[in-house]
Amino acid sequence: MNPGNQLVAIARVLLPAGLEPLLGRFEVREGGLDATRDRILEIASGAGAFVADPSVQVDRELLDACGDGLRVIANFAVGYDNVDLEACRERGVFVTNTPDVLTEATAELALALTLAAARRMSDAEQDLRAGRWRGWDPAAYRGIEISGATVGVVGMGRIGNRYARLAHGLGAKIVHAGPSAKPEAETELNARRLGLDELLEACDVVSLHARATPETRGLIGARELELIGPDGLLVNTARGPLVDTDAVAAALKGGTLGAAGLDVYEGEPRVPESLLEAPRCVLLPHIGSATVPARDGMARAVADNVIAVLEGRDPPSRVA
């Protein structure tokens, strides 16, 4: 059944949990994981719904390629900094995301990065695999313990809040920075709200969970890294543009930052060579939501949003 021969264009891929409901209702085109920009623009032609992901820039060029029949951009992510919201509003196009279903997975990965960076696991594993380990050394790979540490959460939204609760469960003291108070976390976790600079100076661990906006771009640069200091730890599972990665690499190499755990990067999938070579740095390839429940839930949310709009209903998770 496909009333009006409606077309859903999927820029790259959509997991079966989301793809199958769409195939039963609409014509579907997929670009594939290796789709080039030209290929994405080609399959977009005539789409009533376009499924993007964080690697796909949804700009005026792509909207023009879709044509006047476009009704919804369904982003396969909770963030939507890859989408030109203003251009979509001008065209009367809905924009949707996939909140809630990836909260647990991403918060758990942020905690995993925290623990791995805090205990210098990447350096220890590299030395072990390269044959550099010469036996037990009481001075080697000494890190920090999360129990008793002060953990700062920058952006106490769904994921930041869940991460704070996980860290608090390990005995951490919680502080947070953001545009508004968070009474529930402040009461239940005894979390204190601080200004950003105050938080950076006060914390053993700084974990970023803020949205990527023009205001948060470059939120953490060389000056902020100095505030975190040589004993501090930076974690980013939010968006790459929040952090100046060259500054992080330089701070790690120069010893002005204790350690880092990163899952996201500006200009993905490219990662600067300086960061790849930096010490005390745990690097992952944007796998924050990479669990079976989270990714399948995200795919279903994409399908639910597309189906709702193309059938004339409001989408469940509209952001514009």
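The values are calculated or read from the model by the stated rules, or taken from the named source; none is laboratory data. Worth saying up front: this structure is predicted, and the values here are computed from it rather than measured. Glycine gets a Cβ as well: all are built from the backbone with ideal geometry, and neighbour counts include every protein chain shown. Note: accessible area is taken over every heavy atom of the protein model, side chains too, but ligands, DNA and RNA are not part of it. Shrake-Rupley method; radii C 1.70, N 1.55, O 1.52, S 1.80 Å.
Considering every residue within segment 14-27, establish whether at least one is touching a Lys or Arg at 6+ places or on another chain (Cβ under 8 Å) and not hydrophobic (A, V, I, L, M, F, W, C). Checked against the condition, which is being touching a Lys or Arg at 6+ places or on another chain (Cβ under 8 Å) and not hydrophobic (A, V, I, L, M, F, W, C), segment 14-27 yields at least one hit. Residue 301 meets all of the listed conditions (1) under 26 Å from residue 88 (Cα atoms); (2) part of a helix (DSSP H, G or I); (3) touching a residue at least 24 places away in the same chain (Cβ under 8 Å); (4) open to solvent by less than 10 Å² (accessible area, probe 1.4 Å) but one, namely (4). Has segment 54-62 got any residue that is of a type outside the set (Val, Ile, Thr), part of a loop (DSSP other than H, G, I, E, B), in contact with a strand residue (DSSP E or B) (Cβ under 6 Å, 6 or more places away or on another chain) and within 30 Å of residue 271 (Cβ to Cβ)? Checked against the condition, which is being of a type outside the set (Val, Ile, Thr), part of a loop (DSSP other than H, G, I, E, B), in contact with a strand residue (DSSP E or B) (Cβ under 6 Å, 6 or more places away or on another chain) and within 30 Å of residue 271 (Cβ to Cβ), segment 54-62 yields no hits at all. It is to be established whether one or more residues within segment 133-147 are of a type in the set (A, V, I, L, M), in a loop (DSSP other than H, G, I, E, B), open to solvent by less than 30 Å² (accessible area, probe 1.4 Å) and closer than 24 Å to residue 278 by Cα. Among the residues of segment 133-147, at least one is of a type in the set (A, V, I, L, M), in a loop (DSSP other than H, G, I, E, B), open to solvent by less than 30 Å² (accessible area, probe 1.4 Å) and closer than 24 Å to residue 278 by Cα, which makes the answer yes.
If the condition is being touching a helix residue (DSSP H, G or I) at 6+ places or on another chain (Cβ under 8 Å), part of a helix (DSSP H, G or I) and open to solvent by 40 Å² or more (accessible area, probe 1.4 Å), then segment 76-94 contributes only 91.
Taken over segment 285-298, the residue count meeting the criterion of being polar (S, T, N, Q) and surrounded by fewer than 20 Cβ atoms within 10 Å (Cβ to Cβ) is 1.
The residues listed here are 282, 264; of these, the one that is under 19 Å from residue 112 (Cβ atoms), modelled with pLDDT of 95 or more, in a loop (DSSP other than H, G, I, E, B) and open to solvent by less than 60 Å² (accessible area, probe 1.4 Å) is 264.
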